[in-house]
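Notes follow the structure.
The values are calculated or read from the model by the stated rules, or taken from the named source; none is laboratory data. In this text, all values refer to a predicted model and were calculated from it rather than measured experimentally. Quick reminder, even Gly has a Cβ in these numbers, built from the backbone with ideal geometry, and neighbours come from all protein chains shown. To get the accessible areas, we keep the full protein, side chains included, count just its heavy atoms, and leave off ligands, DNA and RNA. Shrake-Rupley method; radii C 1.70, N 1.55, O 1.52, S 1.80 Å.
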Amino acid sequence: MPERLVIVGNGMAPGRMLEHLLDKAPGRYDVTIFNAEPRVNYDRIMLSPVLSGEKDYEQIVIHGDGWYIKHGITLYKGHKIVAVDRAAKTVTSEPGETVDYDKLVIATGSVPFIIPVPGHDLPGVLSYRDLDDVNAMLLAAQSRQKAVVIGGGLLGLEAAAGLQARGMEVTVIHLMPTLMERQLDPAAGYLLQKAVEERGIRVITGANTKAILGDRRVEGVELADGTILPATLVVMAVGIRPNAGIAKEAGLAVKRGILVDDGMRTSDEDILALGECAEVGGHVYGLVAPLYEMARVAAARLAGDDSAGFVHSDTPTKLKVTGIDLFSLGDFADGDDREDIVLRDARAGVYKRVILQDNRIIGTVLFGETADATWFSDLKKKAVDISEMRDTLIFGQAYQGGSPLDPTAAVAALADDAEICGCNGVCKGTITKAIADKGLTSLADVRAHTKASASCGTCTGLVEQLMTLTLGESFKAAAAPSLCGCTELGHADVRKLIRAHRLKSVPAVMQELGWTTPNGCAKCRPALNYYLICDWPGEYRDDSRSRYINERVHANIQKDGTYSVVPRMWGGVTTPDELRAIADVADKFKIPTVKVTGGQRIDLLGVRKEDLPAVWADLGRAGMISGAAYAKGLRTVKTCVGKDWCRFGTQDSTGLGIKLEKRMWGSWTPAKVKLGVSGCPRNCAEATCKDIGVICVDSGYEIHFAGAAGLDIRGTQVLCKAASEDETIQIIAALTQLYREQGHYLERIYKWADRVGVESIRAAVVDDPDKRQALYDRFMESQKTAQVDPWAERAFQGVDAHEFAPLADFSFKEAAE
Amino acid sequence: MSEDTWIDVGAEADVPPLGSRVVRAPAGDIAVFKAADGTLFALFDRCPHKGGPLSQGIVHGHAVTCPLHNWVIGLADGAAQGADHGCTATVAVKVEAGRVLLAGAALRTGARAA
């Protein structure tokens, strides 16, 4: 019978310990976890990107619910442990669950330190520790008012940058004269302050908080010198202390943290402690690398390997604020027996300092240019005598021994035991060996197998370079391609950054994201225009100069420069009056070809550009609007006749198609969207090769998606079944909105589904009713301003009149000469 | 009409930035483009590839992308950029007192080059 292992806490350290343990001793323990937070294990280091909007919660989950089920682990979410009975060997949670243990692991982490000034307990005063704090900050940020962050350390600055990105006016107050004084020397601290201020964040150093002001909720912060800073949100990020309360109550030895030996054992041999709550060799830790080392040791000990022991090592600091590169490692205090090598480039905002003792690196501070961080760390770790390269050391690895300035040369030159991923302690050899042995070809594979770059992600570039080195050009082809030649960024990055930095015009995106061309190209401008329309509905003004001609003039250009015109026919249904109007238009404007399309519409081909407004006017007077046959947007809903006529029809497929089309017309999407609704599984509307399809059955509606019948041919996949028309329409609108928000420009639904995975789509649109509702609401909000007939605007209101008339006409006059 | 006459084809303000307007001429349409920096260019409105109307393309920098097959044509010299080869004839253009003037020769029959 397996031993019973109980874990108190479900943070990153115990999560990692379990991974090791399941690997080393599968089946040895029956595992139960109590998590005070009501959720699974997520990557706490990535909270800052969630706050700034560069990532979502789903992207930082380490172990989803499925992982616990797969490994037979019982996880109590929202269960805080209130008692440990060491004699009876049981733990009891607040909701009253009592569980026996053979081995107990305490991993309760840390609690934020709150300065006990008056007003510290007012609503609106938050710490920065977990997802709840982030959610509370995001809520507060919606006010777009003022925030004060107390503490100019790593967490405080990340919080400030995140809140500012969310539209708040932020002031950081810091007790010490320079920012991050524990990790940076004053020179780098000064550059950091400048970089933070350039982002529009106010910084006050040497500031002592006297009180937090406010009656019922926070209204401001008062400093010791009498300055009053108005604020609706105050974030305290002044430090953490180990959360050792439960261990203390249980009578375990506790100093700053829970005392453990180098095998993570507390004063009770059946109880281990690890993570931020543990104190080992006189140190407590807050960065992830040593915590993961503890996890490795604890797992080895639980698996019966008593040789594993924890050894202290320095951990580098990196700031996760987009656009600010800094790195610090080791000791950088001045001293008589120490020498400095310093490189400054004030214009480029670069500062590099290496601190030497006996010709060996003992500390490194890099600001503005951190590419050589790994190399310096490696030299320090191995205590390499640097006398020979002393003159060029500070310029970095590319300048040593005449190696070329190839970006991968630096990684190529690293030794196999050089550490690439600091968080997870993965060295170069481990990664290259895994790539070769297991045939890994994607970054995701490498992360899954080695954990390299799977935590804070700052070493992703290095890992990618290693993949290029090992796999050659074949890897480069697999990497996310850039959006176009004007930028290095890919579509996904651009979309994230537009939201994160609240960029609301094409020039703003190009300026802030460093476009290399003055006004983009024919590839990126339409993409950016779409992303801005999607992200800022009602606010962004469509840029017609960034529209492809068809969308600019709302007709399809033909090879001879004439256009085709397709009026909307809801669900493919028309009337004698509409047909008469179409026939009259064709006669009046001498339109040479009239053709029925694959999407059940009528196409008028060969219309001269200057006739377009008049053609639209005649069609509009007969009640017809643009069929959007030219749009990266909703095109057609094709239907069969359904139960009103067909002897096999199970539902009113025509009626449902018309309802869908009325709900969804006018929406812009990454690429065209075509729908089909079939009244029975005989599928006369060919719904199973559409972007979104519905197959009606006796019991309801089968919703399909991700089909294609063009360059690629694909059958759809079933998304889910719905019981009513209303539910069907809501699900399809939510699905379309998710595609609008995640799709890359010109990426059809089936390619988007291949990229993000059908499961993730189903999880958002089907499984989670709240998410579905939110997606649906956003879709409808966007439709409020999208459902305007562009033909009517141009036919009757003179919009873009210059598009349809020549500047001057000399053809007749000159010809008559 | 001599070689050095200039013909007023319209107001400079009527050509939108990053856009173009067409001037109908006996030898074929002439497209007048305005770059983001305000510079005006004029070329015959035919892509050297398949004759696509360049005036309908997206303007970026001092180039336009043809709407039919995405050839990129330089506005200053009419030459295809990148891997493509071909050239559209340009037309001399200038602005005086807010009016766009085109070289008169281009508006006369037969002025079109290959």
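Brief remarks on what is shown
- Using a probe of 1.4 Å on the protein chains alone, the accessible area found for A:Cys277 is around 0 Å².
- Shielding by partners, peptide A:94-106 (average Cβ within 10 angstrom, other chains): 0
- C-alpha center-to-center spacing [segment A:640-660, segment B:36-114] in angstrom: 52
- Straight-distance crosslink candidates among lysines, where the alpha carbon sits under 27 Å from A:Lys77 and sequence neighbours closer than 8 are dropped: A:Lys24, A:Lys55, A:Lys89, A:Lys103, A:Lys248, A:Lys451, A:Lys771
- Shielding by partners, peptide B:14-25 (average Cβ within 10 angstrom, other chains): 5
- Percent accessible area from carbon and sulfur atoms, segment A:83-127, protein chains only, probe 1.4 Å: 55
- Acute angle (nearest 10 degrees) that the helix A:154-165 long axis makes with the longest principal axis of chain A, alpha-carbon atoms: 20
- With the simple model of a label 7 Å out from the Cα in the direction of the Cβ, A:Gln59 to A:Arg541 spans 3.1 nm.
- Distance from the Cα centroid of segment A:211-275 to that of segment A:733-808 is 46 Å (rounded to whole angstrom).
- Peptides A:580-592, A:8-20 ordered by average Cβ neighbours within 10 Å, highest first: A:8-20, A:580-592
- Taking 16 Å as the straight-line reach from the Cα of A:Lys504, the lysines in range (excluding those fewer than 8 positions away in the same chain) are A:Lys496.
- Structure-based [θ]222 nm, the protein assembly as shown - -39500 (n - 2.57) summed over DSSP H runs of at least 4, per residue, nearest 500: -8000 deg cm²/dmol
- In this structure, the amide hydrogen of A:Cys427, modeled 1.01 Å from its nitrogen in the peptide plane, lies closer than 5 angstrom to those of A:Ile420, counting only residues at least 5 positions away or on a different chain.
- Between helix A:288-302 and chain A: long-axis angle, C-alpha atoms, 0 to 90°, nearest 10: 70
- Alpha-carbon spread of the protein assembly as shown, three principal axes, descending order, Å: 105, 76, 64
- Rolling a 1.4 Å probe across the protein heavy atoms gives the protein assembly as shown an accessible surface of 43 Å² per residue.
- For chain A: relative contact order, % (alpha-carbon pairs under 8 angstrom, 6 or more apart): 7
- Ordering of A:192-204, B:62-74, A:667-679 by packing [mean C-beta count within 10 Å, highest first]: A:667-679, B:62-74, A:192-204
- Protection-proxy order for peptides A:628-636, A:800-808, each taking the mean of Cβ atoms within 10 Å per residue, highest first: A:628-636, A:800-808
- Interface A:B - total buried accessible surface [probe 1.4 Å, Å², rounded to 100]: 2400
- Amide H contacts for A:Asp30 (H built 1.01 Å from N in the peptide plane; partners 5 or more residues away or on another chain; cut-off under 5 Å): A:Glu3, A:Arg4, A:Leu5.
- Share, in percent, of DSSP beta bridges within chain A that are antiparallel, nearest 5: 60
- Whole-Hz ³J(HN,Hα) from phi, Karplus 6.51 cos²θ - 1.76 cosθ + 1.60, for segment A:427-437, glycine and proline x: 9, 4, x, 4, 5, 5, 5, 4, 4, 6, 5
- Cleavage-rule hits (trypsin sites (Lys or Arg not before Pro)) in segment A:219-269: DSSP loop, at most 15 neighbouring Cβ within 10 angstrom: A:Lys255, A:Arg256
- Within segment A:634-786, DSSP assigns beta bridges of which about 60% are antiparallel (rounded to the nearest 5).
- Gyration tensor verdict on chain B (Cα atoms; rounded if a/c is under 1.5, prolate if a/b is larger than b/c, oblate otherwise): oblate
- Under the combined filter of DSSP loop state and at most 12 neighbouring Cβ atoms within 10 Å, segment A:206-279 retains these GluC sites (Glu not before Pro): A:Glu269.
- Acute angle (nearest 10 degrees) that the helix A:524-535 long axis makes with the longest principal axis of chain A, alpha-carbon atoms: 80
- Averaged over peptide A:617-626, the number of partner chain Cβ atoms lying within 10 Å of each residue's Cβ comes to 0.
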